[in-house]
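See structure below.
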Amino acid sequence: MKFTASGLLEFLSILPVYDSLPSAARRELLGIQKPGQTVAVADFVDRLALIESGFLLKPNERGRSSLPADRLAFIRTLRTFNEPALWKPSLETFVHYVDAHLEAAERERLRDCAVNHSERNWILYRKVTSSDWIDAFLRARNENWERPYLLPDSPALLSDPEILRTTQVLIRWLLDRSGGRAPLREVAAMKDRERFSSALFAGLRYALLFVGLDQNLEPWVGIWPSVADLAQDSKLPAPASVVPSETYDSASMLMDDITTVLIACANEPFRLKANDSSLFAKTSRDLSLSLRPLPNWAEKVFKIMPEARVDVAITYCRTFGLVETRGHSQATVHVSGHGRQWLGLNASSRLRVLVDGVLNRPQTVPEFSDFEGAEIGAMAGHFHFTTKMKVPDTDAAFMRVFRALKGDGFFPLATIQKHNRTNGNPLLEVFQSDKNAVFWSSSAYLHRPDAEILQKVWTDAIFSCVQSRLFPLGAVRLGYGNGELSISMTPVGRYYLGQTNEWMWAESSAADILVQPNFEVIFLGESPVAEAEIGRFAERRGRQMGALFQITKKSVFAAAAAGMTADQMLATLTSLCSREIPGNVQHEMQGWFRQCRPVAFTTATLIRCPDRETALKIIAFAKGSAVALSDTVLEYNDPGKQRPALIKKLKEVGVIVSVEDKVAAPQHGGRTYSRGRGGWWR
Amino acid sequence: MAASNTQNPLIVQGDHTVLAEVASPGYAAARDGLSRFAELVKAPEHIHTYRITPLSIWNACAAGVTTDEISATLTGFSKYPVPAHVLIEIRDFASRYGRLKLRRDGPDLILEAIDRPMAEQVAVTRQIIPFLRERLSPLTFAVPAHARGEIKQALIKIGFPAEDLAGYTDGDALPMSLRDTARSGHPFTLRPYQREAVAAFHAAGSVGGGSGVITLPCGAGKTIVGMACMERLQTSTLILTTSVTATHQWIQELLDKTSLLQDQLAEYTGDSKQVRPVTVATYQIMTWRRNKEEDYPHLRLFDSRNWGFIIYDEVHLLPAPVFRVTAGLQARRRLGLTATLVREDGREDDVFALVGPKKADVPWKVLEAQNWIATAHCTEVRLPMPDDLKMQYAIAEQREKFRIASENPGKLEIVRQLLARHPNEPVLVIGMYLEQLKQLAGPLGLPVLTGATPQRKRDELYAAFKQGSIRVLAVSKVANFAVDLPEASVAIQISGTFGSRQEEAQRLGRILRPKKQGNQAHFYSIVTADTVEQDFALQRQLFLCEQGYSYSIVDMLPS
């Protein structure tokens, strides 16, 4: 090891002098590379400070100065502290650190197992940066703990029980410190410096402690950050509720979006791109304009752009079978029977179908009882493990995070994440128990994960679940204040978490919504649930309050195409509004609905005959598959694909059939190549 | 969400619109406060929508309303906290008014800035530079008198309306007074709101008054207000109206209700081109020219006399050439009369700059409640398309479809039934298609008044209708504007001009004059169901509902 016990003792004794230096002078001191090197002093204020504190000799007649011999050991140790800096703890910085501070034999002893070359750093890293390593040491009663790690012929460092105890005291003291580290001067100021320097030496030798210089070149000592975090997180109090300055409550953004998309689709089926079966950009853009806008802060924090919401809604529609794709080369998306059925449900039932489906629970809405589940899962991303341990239930762990939020107060999401990064983190659980476990997160292999990475993966998953499950499904309300996002569990959220089998949406105050004779639906207060209901048959014009919807002929047609009846629409309005629906509005809605006529487009073959006699002949041969539209034009329906046989029969009686089917020429994508003279075609 | 008072009537939204809940106990007070600095956009049954714009704030500033009062009204009557940015922007809009003032300095004008940065901005603004003669001091500029209108227009376009304190020329004196008893024998006095409007316009003769716009609903007596303003100013007056009929009615009203004599009044129209101390002209004659290359010869009328006062009737219809002339007439006192400040061409700011700020605006609901205008009920009667026309309709072009539906012969029977329903009330039957009007009038024995009817004949018909010797009059769109038929209490519209909202408002306006009995007016629209006519009628229905009229639909369809 580069450090020595005596060197550290001397270092601690001189440290108070170094500590009094300004950081610029410290930088000057570290800048002097060699013991015999001389530096100019005149006009260098910082170097004068070094002379005054005894870190530089008095200048010679040429105004140059050099390091005094009695401080060379201190400076050497200081430089060792600085190399390499552990600014950002990771496997790489760890390897640099131990390579710089420990001999190869020392590292091998610490590793205490035979491994191949490529794995050795990794194994050592996993070992000494785990809380087990610290825990085992803190439980040690005597020097037996260090025996496996001692080099042959080397003296035991912890044979003195006082040194062992002091090292343990030092580590416990650091575990209580923020970030698990402290300025070394605080150690230097402790009584019995000699014992502490020995404890420090032992701690560094066995990678229980780590040292470095901070930005002001002040020496620090600490334990590995993730171990400190683990210890400190376990002491963190549960997140406390806050009062955000702004709140946002969507009954369920996802349900709203799916409703909007389905209504639009019922009105005019979406054409799909041939290459990837996605929506055309214009369709997506147009749809996004009709979605209920989110507050800017919610869009920013969650990075949910309206076009992305459309894509998500379409994906859900497909997953839940609410739409069906027809055709191949020019495919279109249509609302399915399930989709129409879903649109006909009230808002609570529509959302219940989604929540039950996402969680693969038995459907509680009778109309969807045969739905087999969307197999989406509570977590936004999936975790997989290869481990000898029992695979933890990550969905359950995720649920526990939010079940712990009591009442309907708002809790800062960042605090929730912090509180849970180690507490109940199922990834860390595996990591701590099985050093050879392999992790996948959302199908991505985690290459050599460490505790920090697994903490981050888990806290990201918590955020991602709020972003893509809880918030879209209406399981949480959002709050915002001082740049901080907070969440509050809703009754839907309790249902999602399995804490209740039932939920009731608070009915909007009837006085809060009214329909005007000019077909505007006015919200005098916020009522996301009512928005979700009315959005099925009215065009959105605003958000939160004011004239949020306009009932139009087009919107009523779209709702009718989606399977709603005029009575359903009017009943919804009547139940939500405080005043009677104006007569002209009722009249027009019913009138518009009456104008709707279902028309089916089917493909049939027309047979044009030269005369009536031929037409009759064909009708006879076709055996009920041909119907006369006029004397000489027949409609031929061929459910049994009998057309070739019919043509053959007709030929036999002298009726020559010419087929005029317009078969679309195959379309070729990509470039067309011209064949130049002398090209390969010759 | 911060604390709220849900009993309050207003919701102030971030886009500067304000919703006012009519049923709230505080509504009337809130509306009175709001109407001083916000424009009413729509007023359907339950919730009225106002909009706060820079122009509405400048109008308020010109009327002496302070930003503190505006803020107090909004915050005091709002259900929820007023968005902070709205209050900030209102202060910003208001701070722009009065930062520049136009004053008279001998023959020229002085444009005076309130501070140096404002003056520098004026000095370097490309649109303003052409109107500045020289810089007189760090804060003042000389402006030629003839550029008074143009510089005001340019300043409002850059968002800094000038307060015009340059005063007016007096014009030729014209002694006149309003009568206590009209020549027709009826007692005559100004209504309270008319008196207040006149006082606001006149401003005790100060330079702060003398130009502006008075907004009153149809039937509220805008002509009377105009005459009262003339009485205050006692100067020769040019009155611009929308039609010859309106011209005649102005002259009749002036003769009936003022001390002016026939030889003091003149009509300047296509029929007659006399100029006297009070001359009434039409916008059409002012903007007539032989071809597009020529100037407008009749615009000379503005210079043909030393007018002291110009009245723009239906100022929201002021045509562009008259705007241009008006820019050169800023030394004359000017009054705009209208039922709405909203112009189809969006030139509300030009009205503000060239005619003047809004001086009075009385909500029609207030007048209706006080019985100054009639309560109107609108009914859309739908009838089926006759079977023999269905195929013709189905294959017709869109425009032709509208005509086929409008000329549905079944409408005759509906009109007959409606006339029977109102046996003792004066009725106007209004239509767009002359053939239809004639075909309908024949069997019903109705006199028809169209654009082709000679003016003398028109005046006779109007007079007979007023006197009650004709109970039902069939009129084409010529009767849309400024026809005062105070006795009409029922209007039956058998065909409308597609979805024109303006026309619908004007047609309805014909029957809003207060009635001697009942004060209830009925407006019927007969449309053919499930046709494009119904679609266009829907637009008109929306408009009327947004104006606050009750609207019902009656189906005369086979069950």
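Every number here is computed from the coordinates shown, using simple stated rules; none is lab data. Fair warning: this is a prediction, and the values are worked out from it, not measured in the lab. Cβ placement follows ideal geometry from the backbone for every residue including glycine, while neighbour counts extend to all protein chains displayed.
Selection among B:LEU255, B:LEU508, B:PRO130 by position relative to the dipole of chain B gives B:LEU255 as farthest towards the positive end (Cβ unit charges, Cα centre).
Within the straight-line cut-off of under 18 Å between alpha carbons, the lysines reachable from A:LYS235 are A:LYS418, sequence neighbours fewer than 8 places apart in one chain being disregarded. Taking every residue in B:41-48 and counting other chain Cβ atoms within 10 Å of its Cβ, the average works out to 5. Under the convention that each Lys and Arg Cβ holds +1 and each Asp and Glu Cβ holds -1, the size of the dipole of segment A:14-150 around its Cα centre is about 120 debye. Quick one: what does P(r) look like for segment A:334-444 with 5 Å bins over all Cα pairs, in whole %? Percent of pairs per bin, in order: 2, 10, 15, 16, 14, 14, 12, 9, 5, 2, 0. Per-residue Karplus couplings for segment B:264-276, computed as 6.51 cos²θ - 1.76 cosθ + 1.60 with θ equal to phi - 60°, are listed in order as 9, 10, 9, 10, 10, 9, x, 7, 9, 10, 8, 10, 9 Hz, Gly and Pro entered as x.
Straight-line cross-link reach from A:LYS617 at under 26 Å between alpha-carbon atoms covers these lysines, not counting any fewer than eight positions away in the same chain: A:LYS641, A:LYS648, A:LYS649, A:LYS651, A:LYS662. Over all distinct Cα-Cα pairs of segment B:503-559, the Kirkwood formula returns a hydrodynamic radius of 12.9 Å. Computed log10 I(q)/I(0) for segment B:187-328 at 0.12 Å⁻¹: -0.48, from the Debye equation with unit scatterers placed on every C-alpha and solvent omitted.
Dividing the convex hull volume of the Cα atoms of segment B:232-282 by its residue count, what figure in Å³ per residue is obtained?
It comes to 71 Å³ per residue, whole-number rounded.
For B:LYS101, a cut-off of 12 angstrom between C-alpha atoms picks up these aspartates and glutamates, skipping any fewer than 8 places away in its own chain: B:GLU112, B:ASP115, B:GLU163, B:ASP164. For chain B, the Kirkwood hydrodynamic radius from C-alpha pairs, put into Stokes-Einstein at 37 °C and a viscosity of 0.692 mPa s, yields a diffusion coefficient of 129 µm² per second.
Its Cα centre serving as origin, segment B:362-480 has a Cβ charge dipole (Lys and Arg +1, Asp and Glu -1) of approximately 240 debye. Within segment A:67-102, list the chymotrypsin sites (Phe, Trp or Tyr not before Pro) lying in a DSSP loop whose Cβ has at most 10 other Cβ atoms in a 10 Å radius. Those that pass, being in a loop and sparsely packed, are A:TRP87. The orientation-averaged projection of the convex hull spanning the C-alpha atoms of segment B:346-417 amounts to 9.4 square nanometres. The coefficient of translational diffusion for chain A, derived via Stokes-Einstein from the alpha carbon Kirkwood radius under 4 °C and 1.567 mPa s, stands at 40 µm²/s. Counting every Cα pair in segment B:202-276, what percent are over 17 Å apart? Summing the P(r) tail past 17 Å for segment B:202-276 gives 48 percent.
Across all directions, the average projected area of the convex hull around the alpha carbons of segment A:91-243 is 11.7 nm². Once the chain from A:MET190 to A:MET1 is taken as fully extended at 0.36 nm per residue, the excess over their C-alpha distance is 65.6 nm. Taking other C-beta atoms within 10 angstrom as a stand-in for reagent exposure, A:ASP393, A:ASP638 fall in the order A:ASP393, A:ASP638, fewest first. Binning the alpha carbon pair distances of segment A:156-267 at 5 angstrom intervals from zero yields the distribution 2, 10, 15, 15, 11, 7, 5, 5, 4, 5, 5, 5, 5, 3, 2, 1, 0, expressed in whole percent. Along its principal axes, the protein assembly as shown has C-alpha extents of 134, 109, 78 angstrom, given from the largest down.
What does DSSP give for the protein assembly as shown in terms of the percent of beta bridges that are antiparallel, rounded to the nearest 5? Of the beta bridges lying entirely in the protein assembly as shown, close to 60 percent run antiparallel. Estimated translational diffusion coefficient (Stokes-Einstein, Kirkwood radius over Cα pairs, 10 °C, 1.306 mPa s) of segment B:1-139: 94 µm² per second.
Mind checking Rg over Rh on segment A:100-181, alpha carbons, Kirkwood formula for Rh?
0.98
Entry note, chain B: the mean residue ellipticity at 222 nm calculated from DSSP H runs of n ≥ 4, each adding -39500 (n - 2.57), is -10000 deg cm²/dmol after division by the residues and rounding to the nearest 500. Its Cα centre serving as origin, the protein assembly as shown has a Cβ charge dipole (Lys and Arg +1, Asp and Glu -1) of approximately 1780 debye.
Over all projection directions, the Cα-based convex hull of segment A:261-387 averages an area of 10.4 nm².
Each stretch of four or more DSSP H residues adds -39500 (n - 2.57); spread over every residue of chain A, this sum gives -12500 deg cm²/dmol at 222 nm.
Placing unit charges on each Cβ (+1 for Lys and Arg, -1 for Asp and Glu) gives segment B:359-491 a dipole about its Cα centre, and among B:ALA441, B:THR453, B:VAL366 the Cα reaching farthest toward its positive end belongs to B:THR453. With bins 5 Å wide beginning at 0, the percent of Cα pairs of segment A:367-500 falling in each bin runs 2, 10, 19, 22, 18, 13, 10, 5, 2, 0.
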